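> First the structure, which I've put down as structure tokens, then a few questions once you've had a look.
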Amino acid sequence: MSQPKSYTLKELAEHSNCVVVGDSSILIDNISTIENAQKNSITFLSNNKYSNLLANSKASAVIVSNDFETNDNFNYLKTDDPYLAYAKLSNLFDNDDDIEIPFIHSSAVISKKAIIDKDVYIGPNVFIGPKCKIEANVIIHSNCSLVKNVSIASNSIIQNGVVLGSDGFGFAPSKKGYVKIRQIGGLTIGKNVEIGANCSIDRGAIDNTEIHDGVILDNLVHIAHNVILGENSAIAASCAIAGSTRIGKNFKMGGLSGVLGHLKICDDVTVGAHTLITKNIIQSGNYVGIMPAQEHDNWAKSSVFIKKLSK
């Protein structure tokens, strides 16, 4: 078992662009929640509604906002964004990171027609099919499948169980049933993208499906063929985006939400949890369509009332 890493408060301040209030020489060897912090812990307060919990905290230091009124109970790191500072420090205290680059596990199956940079991590039971291209410092965790025609740019992370470049849902109806449309496009994934566990992203039918730089996906997200997802977008768990929808930059999507196909969504749109987007969005802003759960009879009355309001 590895020994915990220790840093002075001054070192942590330099790493997170914070200002020290208190003893900059104290040693910190872990980051913790306010309630579970012990001696030599640092914790953070990003929401003032939890400030009452500090009264019983044993932390040696607390990350707080610049306008927080400090006292002598703790040492502090002050910053414009405590949550961002916490994120930066979490990387210092990750003692269990066993990812070493370069590494390709012996159980990985890689097509001879794939191009793999020498500086990558490919975990156990990964399949990489033909015409795939993996750039430097990409991490692909265990049990992932890159079916074919998948390109992943540098510094991206693919979490466990992801399927990339799978067949899109394309079928032409006929009198004798459905005729499969061959999916001959690809899937391009940009730089600094992170795709959560068990996500599925289809390759394009003719043109490519595109996931642009800086996108982050939570677990269990499905993105259909020929979707274009703009840079620095963030999608929470169990969401789905139907085919051929084009989405701008900085798109944010709450959990269990959906977007119908062949739509256009502009930059800087936020979609609340449990919301279904059914038409184009041409103006930036927050959109939500959730209705809280009710007894069935009450819901029926509410739906009638809403219909009357829209007339």
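Please treat every number below as a calculation from the coordinates, not as lab data. Computed from a prediction, not measured in an experiment: that's the story for all the values here. FYI the Cβ positions are ideal-geometry reconstructions off the backbone, even for glycines, and counts take in every protein chain you see.
> Give the Rg (one decimal place) followed by the Dmax (whole number) of the chain, computed from C-alpha coordinates and expressed in Å.
23.8, 79
> Ok, one more. Which whole number of Å³ per residue matches the convex hull of the alpha-carbon atoms in the range 268-311?
It is 91 Å³ per residue.
> Another question about this same structure. When 1/r is averaged over all different Cα pairs and the result inverted, which Kirkwood radius in Å belongs to the range 210-254?
Roughly 10.2 Å, rounded to one decimal.
> Another question, then. If the elastic network links every pair of Cα atoms under 10 Å, which of 278, 33, 209 fluctuates the most in the Gaussian network model of the chain?
33
> Run the simple label-point estimate for residue 101 and residue 66 please: 7 Å along Cα→C-beta, distance reported in nm.
The modelled label-to-label distance comes out at 3.3 nm.
> Right, here's the next one. When the distances between all Cα atoms of the range 101-165 are binned every 10 Å from zero, what whole-number percent does each bin get?
26, 67, 7
> To continue, here is another question. So which residue, out of 293, 224, 273, gets the largest mean-square fluctuation from a GNM of the chain using Cα contacts under 10 Å as springs?
293
> Calculate, for residue 172 and residue 127, the FRET efficiency according to 1/(1 + (r/R0)^6) with r their C-beta to C-beta distance and R0 35 Å; round to the nearest 0.05.
Efficiency at R0 = 35 Å is approximately 0.75.
> Shifting gears a bit: Which residues make up the longest stretch of the chain that has no GluC sites (Glu not before Pro) in a DSSP loop with at most 13 other Cβ atoms within 10 Å?
101-294
> With a Förster radius of 25 Å, plug the Cβ-Cβ distance of residue 182 and residue 264 into 1/(1 + (r/R0)^6) and report the FRET value to the nearest 0.05.
The calculated FRET efficiency here is 0.40.
> Another question about this same structure. Starting from the exponent 0.38 and prefactor 2.2 Å, build the expected Rg for the range 103-287 from its residue count and divide its actual Cα Rg by it.
Against the empirical 2.2 N^0.38 Å value, I get 1.02 for the range 103-287.
> Stokes-Einstein diffusion coefficient for the range 7-90 at 10 °C in a medium of 1.306 mPa s, Rh from the Kirkwood formula over Cα pairs: what value in µm²/s?
130 µm²/s
> Still on this model: Run the numbers for residue 302 and residue 52: contour at 0.36 nm per residue of separation, minus the present Cα-Cα distance, in nm.
Once the chain is fully extended between residue 302 and residue 52, it gains 86.1 nm.
> Excluding same-chain pairs closer than 8 in sequence, count the lysine pairs in the range 26-144 whose Cα atoms lie under 19 Å apart.
Lysine pairs satisfying the spacing and distance rule in the range 26-144 number 11.
> So what's the gap between the Cα centers of the range 199-276 and the range 42-62, to the nearest angstrom?
If you average the Cα positions of each part, the centres end up 36 Å apart.
> Suppose the chain between residue 15 and residue 136 were pulled fully straight at 0.36 nm per residue; how much longer would it get relative to their current alpha carbon spacing?
Between residue 15 and residue 136, full extension yields an extra 41.1 nm.
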